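Reviewing the structure listed below.
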Amino acid sequence: MALLPILEFPDPRLRKLASPVTHFDDRLRRLVDNMFETMYQSEGIGLAATQVNVHKRLLVLDVSEEKDSPHVFINPEFEVIEEELQDYQEGCLSVPGFFEEVSRPRAIRVSARDRNGETFELEAKGLLAVCIQHEIDHLDGKLFVDYLSPLKRQRIRSKLQKEQRKSA
């Protein structure tokens, strides 16, 4: 397995719309494994393929404390089953060092395919629901900073650009 480089905001490639996955083969399974390794090594709970510059509708996540409950969602779609919003402090591997409160629907039903192409459905609440919605946003070219005020978003952009210039 290999660690993959994670794109950081405001990289324009994070805004690219991901295409559906059509081939379920060993190459895809290797990408899934590499994404898990990258996510765990980076101490994240979710990672979308867009974040590693692969513009396919694929995401991995594991919200368990023990990091022993990995989930793979390929070509995911969700519907809201509980309209009430919940606020969570969201962070993102593509927006390192920043955590902001974002409101999202409390419960969703997601349908997707697994790493072998088998279709499944899952009802999610709490952190799992938030994480799925956050990662699907990435597949649609959206970041959690888009839910913030323009002033907060610009402040984060400026700080990250300054850090990126320092490390270049």
TODO: Take the Cα gyration tensor of the range 59-142, multiply each eigenvalue by 5, square-root it, and list the three semi-axes largest first, rounded to whole angstrom.
DONE: 20, 16, 13
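Which percent of the accessible area of the chain is formed by carbon and sulfur heavy atoms (probe 1.4 angstrom)?
Working: 4340 of 9080 Å².
Carbon with sulfur: 48 percent of the solvent-accessible area.
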TODO: Give the distance, in whole Å, between the Cα centre of the range 4-70 and the Cα centre of the range 113-160.
DONE: 12
Open item on the list: Of Ser94, Asn53, Gln164, which is farthest towards the positive pole of the chain's charge dipole, taken about the Cα centre with +1 and -1 on the beta-carbons of Lys, Arg and Asp, Glu respectively?
Closed with: Gln164
Task: the range 68-168, accessible area per residue, ligands and nucleic acids excluded (1.4 Å, Å²) - done: 55
Open item on the list: If you scale each eigenvalue of the Cα gyration tensor by 5 and take the root, what three semi-axes come out for the chain, rounded to whole angstrom and sorted largest first?
Closed with: 24, 20, 14
- [ ] Find the lysine pairs in the chain meeting two conditions, Cα atoms under 28 Å apart and a separation of 8 or more places or different chains, and report how many there are.
- [x] 20
Open item on the list: About the Cα centre, and with charges only on the beta carbon of Lys, Arg (+1) and Asp, Glu (-1), how big is the dipole of the chain? Nearest 20 debye, please.
Closed with: 1080
Open item on the list: Is the C-alpha gyration tensor of the range 1-91 telling us rounded, prolate or oblate? Criteria: a/c under 1.5 is rounded; beyond that, a/b larger than b/c is prolate, otherwise oblate.
Closed with: rounded
Task: Charge-dipole axis of the chain as Lys and Arg at +1 and Asp and Glu at -1 on Cβ define it, positive-most pick from Leu85, Ser111, Leu28 - done: Leu28
Task: Residues with amide H under 5 Å from that of Cys92, placed H, sequence gap 5 or more - done: Gly97, Phe98
Task: Separation of the Ser111 and Glu66 label points, Cα + 7 Å toward Cβ, nm - done: 3.2
TODO: Give the residues of the range 60-81 whose amide nitrogen is closer than 20 Å to a point set 7 Å from the Cα of Tyr40 in the direction of its Cβ.
DONE: 60-74
Task: Principal axis dimensions, largest first and in whole angstrom, of the range 63-112 by Cα - done: 31, 28, 21
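The values are calculated or read from the model by the stated rules, or taken from the named source; none is laboratory data. Being a predicted model, the structure only gives us computed values, none of them experimental. Heads up, the Cβs are rebuilt from the backbone with ideal geometry, glycines too, and the neighbour counts pull from every protein chain shown. Surface areas here come from the heavy atoms of the whole protein model, side chains and all, with no ligands, DNA or RNA. Shrake-Rupley method; radii C 1.70, N 1.55, O 1.52, S 1.80 Å.
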